[in-house]
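Colleague: Next up is a structure, given as C-alpha cells.
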Amino acid sequence: MQVMHDKIKLELADALRSALKHFDTEMETEEVYALLSVPPNVKMGHYAFPCFSLAKALRKAPPAIAADLQAALPALSEGLSSKLVGPYLNFVVNSQVLGQAIMQAILDGSYFASELTREVPKTMIEFSQPNTHKALHIGHLRNTFLGDALIKLYRYAGYEVVSSTFPGDVGTHVAKCLWYMENKNEEPVPESRRGIWLGEMYAKANSLLKEETGTEREEINRAELTEVLKQLEKGEGKYYELWKETRQWSIDGMKDAYNWAGVSFDQWYWESEVDSDSVKLAREYLAKGIFIESEGTVGVDLEDEGLGYCMLLKSDGNGNYAAKDIELARRKFADYEVEKNIYVVDKRQEHHFQQVFATLKRMGFEHADKCYHLKYDFVSTSEGMLASRKGNIQPVMDIIEAMEQHAKQEIVDHSTGDAWTEEELNRTGSIIAKGALKYGMLKYDPAKPIVFDMDEWMKWDGDSGPYLHYQYVRINSLCKRLAEEMQENVDWAVLKEDKEMEILLKLASFNQVAVNAAQQYRPNLMANYLFELCKLYSSFWSAHSVKDAATDELKTARLAMSQAVSTVLKKGLGLLAIPVPERM
RNA sequence: GGCCUUGUAGCUCAACUGGAUAGAGCACCUCACUACGGAUGAGGAGGUUUGGGGUUCGAAUCCCUACAAGGUCACCA
C-alpha cells in the first residue's frame, strides 16, 4: 500500500474531497490523490485535477464542474491557489511553499527517510544466476544491473528485501567443460583469468561435440559425458575432484565482476545444493498422486492450462531445472519467510516459470501466486546474438577494462583544475565506466531489447551516464566554490523564474518516481527522471547565473536549489547503483 | 500452428498506466563562448503512433482483426 507522502498533494486532495461533498459525490482522499496529475506546462499550473470522469454522474460539462468545484473549495493554506483551465481545476503553488515543505527536507535529508509504503510484503529478489564453467558476458550485466537497482529501489520504497542468486554449478554444460579439459585439451592451465579460460574450454567442447555428431565418435562421447555426470552426482572420482577445483576458479571470476559492480547477495543458492532434495520432493509428490509418470519421466500434466507437460525428473531419474526451481521456491519461503518472490530472468524462461508457478499451485503451495517472473529482453551486439556455447562473447572484465581506459583518457583530455594522481584517476575512471554501462542499460524498459555497441556508448553525448555525471560534477563544483556564501535561512519565495519552478516541482516528485520504479519493476523510470532533471537544470544554468544573481537572497536561494539538485542526483543514481565522482 | 512480448521522427527511446499541443537523445541545418566546468545551451526541420475496425467526453495506451519482428512450446539449463 502506498502512503500519500506528498504533503502538498495531500492537502489538495483533501480540499477537493470536501468540495466534492457539496455535489453529493463521495470520494476517498486516496482516489483524489491518485487523480491529481501534472499539467503539460507550468503556465497552466502545477497540479491538475481533471473533471471529465465526474461529467456523467453530475450531468454537467467538465468545465462547468471545474468552476463549481473551485467555488466550493475550502480555503487553501498560504501559498496555494486554484486556477481554472477549461475542464481542469488546476492548482498553483508558490516557491516558498515548495521550498519550506520539500527543499528544506531534501537538504537536511529527512525527505529521503519519508514513509512511502505501508504493510508491504517482505520480498526476495533473485537475480544474476551465473553459470560456473561458462563465460560471463554482457548479457549477464543487464540482469545484474536490473536486479541490483530493483533491490535498491524496493528498499528505498520501504520493502524489506532479501537478495539472492542461484548459480548453475552442475549440469551438462559443466560436464562438457570438464570432459574436454580432461580428455581433449592440450593447453596448460593459465595462471590468471582461469574462469574465463574455463569458458573457452566449454565453447571448444561444444563445437567439437557438434562436429562429431553423426560420426562413430558420437556414441563414445555420450558415454564419456554420462560418466562425468555420474561421478559428479556421486561426489567422487577424478571428475568430481576437477569439478571442485574448477568451480572455485569460476566463482573467483564471478566475484571479481560483482566486486566491480558493487553487487552482493544475502543468499547464494547453489544448484548443486538443491539437486538431491529436488528429486526427493518430486518423488514425494509422485507418491501423493499429484505428479504423474510419462514415458519414464516424472512431471505434471498442465495441458488444461495450456502449459503442456512440465517434466521434473528425466527418464534417467535425475532432476531437471524445473525440479530444482520448485525445491528452491520452497526453500526461499521457508528460509526467510518472505511473502513475495521476484525472479529476474530473461524472457526465454517465461514458459518455464509459468510451468513452475502452476506446478507449485498444484502442490498446494500457498505462495504460488506470490511469485513473479520479471522477464527482460536480451542484449545483442552488432555482431548478433551472444551465446557462450558459440564462444563469440567478449568477457565482461575485458569490456569493463576498455571502458575504464577510455574514461580515463577523456578525463585527462577534458578535466580542469589540479593534476590527477594515478589513484584518483583510476578510481574516477572506474566510476565513469560504471555510470556509462549501468545507465546505458538501465535507461531502457526491461521489456525492450538492447543492442550494445561499444563505439556508440563511448560517444558520451546526450542521454548517457557521463552526461549525468558531468552535470553532477558541475553543480557540485559550483556549490563548493560558493560554500561560504551559503546561508542558514533561505528565502525560497525569490525563485520566480519558470525554469526554477520546473526544477522545484521536478525535485518534489522524486519519491513518487522511486515508488513507481519499484512497483512497476522499471528502474528506467528513475533513469529517465534523472536525465530530465539534468536537462532542466542545465537549461536553467545557461539562462541564469547563480554566482552573479541580482541580489544576495536570490543567490542564496539558487545555491540552495542547486544543492538540492545535486543531492537528488546523487541519491537517484545511488538507487540505480551508480556511484558519483567528485570531479571528472 | 498455439501461447507470450514488441511495433511511436531517418536511427535509438520517452510519454506519470485513458487526459491538455505525442516528447527527448543521436544524426542534419542555424545560432550563443576571454564561462558558475562548452562533456553546454537556444532554435529549425523531421509524426496518419504498422494498417483496418471498435469501446467513450477523450486512445500511442483498452478490445477485435490483419501484418511485421523476436521469444517459446517434454528428457538443455
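Colleague: Taking only protein heavy atoms and a 1.4 Å probe, what accessible area per residue, in Å², does region A:396-575 have with all protein chains in place?
Modeller: Per residue, region A:396-575 has 44 Å² of solvent-accessible surface.
Colleague: Taking the dipole about the Cα centre of chain A, with the C-beta of Lys and Arg at +1 and of Asp and Glu at -1, give me whichever of A:Tyr321, A:His406, A:Ile393 is farthest to the positive side.
Modeller: Most positive-ward Cα: A:His406.
Colleague: With a bin width of 5 angstrom, please list the P(r) values of region A:7-93 as percents of all Cα-Cα pairs, from the 0 bin to the one holding the largest distance.
Modeller: P(r) over region A:7-93, rounded to whole percents: 3, 16, 29, 30, 17, 5, 1.
Colleague: Any idea how far apart A:Asp552 and A:His5 come out in nm if each label point goes 7 Å out from Cα toward Cβ?
Modeller: The answer from the label model is 3.7 nm.
Colleague: Separate question: So which lysines can A:Lys480 reach, going by Cα to Cα under 20 Å and dropping same-chain residues fewer than 8 places off?
Modeller: Excluding near neighbours in sequence, the set is A:Lys547, A:Lys555, A:Lys570, A:Lys571.
Colleague: Label-point separation (nm) for A:Lys347 and A:Asp455, each offset 7 Å from Cα along Cα-to-Cβ?
Modeller: Each label point is offset 7 Å from its Cα along the Cβ direction, giving 2.8 nm.
Colleague: Could you compute how much accessible surface A:His22 exposes when probed at 1.4 Å, giving the result in Å² to the nearest 10?
Modeller: 130 Å²
Colleague: Multiplying the sequence separation of A:Glu187 and A:Phe23 by 0.36 nm and subtracting their Cα-Cα distance, what value in nm do you get?
Modeller: 50.6 nm
Colleague: Compare A:Arg194, A:Arg222, A:Arg59 by solvent-accessible area with a 1.4 Å probe and give them largest first, with all protein chains kept in place.
Modeller: A:Arg59, A:Arg222, A:Arg194
Colleague: So with the 1.4 Å probe, I'd like the accessible area per residue for region A:209-255, rounded to whole Å².
Modeller: 64 Å²
Colleague: Taking 35 Å as R0, compute the FRET efficiency from the Cβ-Cβ separation of A:Ala55 and A:Asp369 and round it to 0.05.
Modeller: About 0.40, to the nearest 0.05.
Colleague: Under 19 Å between alpha carbons, and skipping anything fewer than 8 positions from A:Lys459 in its own chain: which lysines qualify?
Modeller: Of all the lysines, those that pass the test against A:Lys459 - Cα under 19 Å, at least 8 places apart if same chain - are A:Lys408, A:Lys434, A:Lys438, A:Lys443, A:Lys535.
Colleague: Run the reach check for A:Lys361 against lysines, Cα to Cα strictly under 18 Å, same-chain hits fewer than 8 apart removed. What comes back?
Modeller: Straight-distance partners of A:Lys361: A:Lys288, A:Lys324, A:Lys332, A:Lys340, A:Lys370.
Colleague: Could you list the GluC sites (Glu not before Pro) in region A:458-523 that lie in coil according to DSSP, counting only those with at most 11 other Cβ atoms within 10 Å of their Cβ?
Modeller: A:Glu488
Colleague: Regarding chain A, what are the three Cα extents along the principal axes, ordered largest first, in Å?
Modeller: Taking the Cα atoms of chain A, the three principal extents are 87, 66, 37 Å.
Colleague: Suppose every K and R has +1 on its Cβ and every D and E has -1 on its Cβ; what is the size of the dipole of chain A about the Cα centre, in Debye to the nearest 20?
Modeller: With only Lys, Arg, Asp and Glu charged at Cβ, the dipole is about 1120 debye.
Colleague: Shifting gears a bit: Given the C-alpha centroids of region A:472-526 and region A:251-322, what is the distance between them in whole angstrom?
Modeller: If we compute the Cα centre of each part, the gap is 47 Å.
Colleague: Moving to a separate point now. Name the residue farthest towards the positive end of the dipole of chain A from the options A:Thr556, A:Val494, A:Ala75, assuming +1 on Cβ of Lys and Arg, -1 on Cβ of Asp and Glu, about the Cα centre.
Modeller: The residue sitting farthest along the positive end of the dipole is A:Ala75.
Colleague: If a/c stays under 1.5 just call it rounded; otherwise compare a/b with b/c (prolate if a/b is bigger, oblate if not). Do that for region A:479-575, with a ≥ b ≥ c from the square roots of the Cα gyration tensor eigenvalues.
Modeller: In terms of gyration-tensor shape, prolate.
Colleague: Next question, about the same structure. Please state the shape class of region A:396-575: rounded when a/c is under 1.5, otherwise prolate if a/b exceeds b/c and oblate if not, all from the C-alpha gyration tensor.
Modeller: Verdict is oblate for region A:396-575.
Colleague: Moving to a separate point now. Can you give the angle from 0 to 90° between the axis of helix A:194-211 and the longest principal axis of chain A, with both taken from C-alpha atoms, to the nearest 10?
Modeller: 60 degrees
Colleague: With all protein chains present, calculate the accessible area of A:Lys443 using a 1.4 Å probe and round the result to the nearest 10 Å².
Modeller: Rounded to the nearest 10, the figure is 50 Å².
Colleague: Then there's this: Rounded to the nearest percent, how much of the accessible area of chain A (1.4 Å probe, protein heavy atoms only) is carbon and sulfur?
Modeller: Answer for chain A: carbon and sulfur cover 48 percent of the accessible area.
Colleague: Next question, about the same structure. Leaving ligands, DNA and RNA out of it, rank A:Glu327, A:Glu383 by accessible area with a 1.4 Å probe, largest first.
Modeller: A:Glu383, A:Glu327
Colleague: Now a separate question. Pop a pseudo-label 7 angstrom from the Cα along the beta-carbon direction at both A:Glu216 and A:Lys535 and give the gap in nm to one decimal.
Modeller: If labels sit at A:Glu216 and A:Lys535, their model points lie 6.9 nm apart.
Colleague: How much accessible surface does A:Tyr258 have with a 1.4 Å probe, in Å² rounded to 10?
Modeller: A:Tyr258 exposes around 10 Å² with every protein chain in place.
Colleague: May I ask which residue of A:His137, A:Leu150, A:Cys177 lies farthest towards the positive end of the charge dipole of region A:131-268, with charges of +1 (Lys, Arg) and -1 (Asp, Glu) on Cβ and the Cα centre as origin?
Modeller: Of the candidates, A:Leu150 comes out farthest on the positive side.
Colleague: What net charge is computed for the residues neighbouring A:Leu229, neighbours being all others with C-beta under 14 Å from the C-beta of A:Leu229, Lys and Arg scored +1, Asp and Glu -1?
Modeller: -3
Colleague: Between A:Glu295 and A:Asn392, what FRET efficiency comes out of the Förster formula 1/(1 + (r/R0)^6) with R0 = 41 Å and r the beta carbon distance, rounded to 0.05?
Modeller: 0.70
Colleague: Amide H to amide H under 5 Å from A:Gly168: which residues, 5+ apart in sequence or cross-chain, H placed 1.01 Å off N in plane?
Modeller: Amide H neighbours of A:Gly168: A:Asn131, A:Thr132.
Colleague: Keeping all protein chains in place, calculate the accessible area per residue for region A:7-93 (probe 1.4 angstrom), answer in Å².
Modeller: With all protein chains present, region A:7-93 gives 52 Å² per residue.
Colleague: While we're here: Determine the calculated [θ] at 222 nm for chain A from helices alone, applying -39500 (n - 2.57) to every DSSP H run no shorter than 4 residues and normalising by the residue count; nearest 500 deg cm²/dmol.
Modeller: Calculated mean residue ellipticity at 222 nm is -17000 deg cm²/dmol.
Colleague: Compute the whole-percent fraction of alpha carbon pairs in region A:168-295 spaced more than 21 Å apart.
Modeller: 53 percent
Colleague: Still on this structure, I have one more. Magnitude of the Cβ-charge dipole of region A:270-381, K/R +1 and D/E -1, about the Cα centre, nearest 20 debye?
Modeller: Roughly 160 debye for region A:270-381.
The values are calculated or read from the model by the stated rules, or taken from the named source; none is laboratory data. Source: prediction; values computed, not measured. Here Cβ is always computed from backbone atoms with ideal geometry, including for glycine, and neighbour counts include all displayed protein chains. The accessibility values were calculated without ligands, DNA or RNA, using every heavy atom of the protein model including side chains. Shrake-Rupley method; radii C 1.70, N 1.55, O 1.52, S 1.80 Å.
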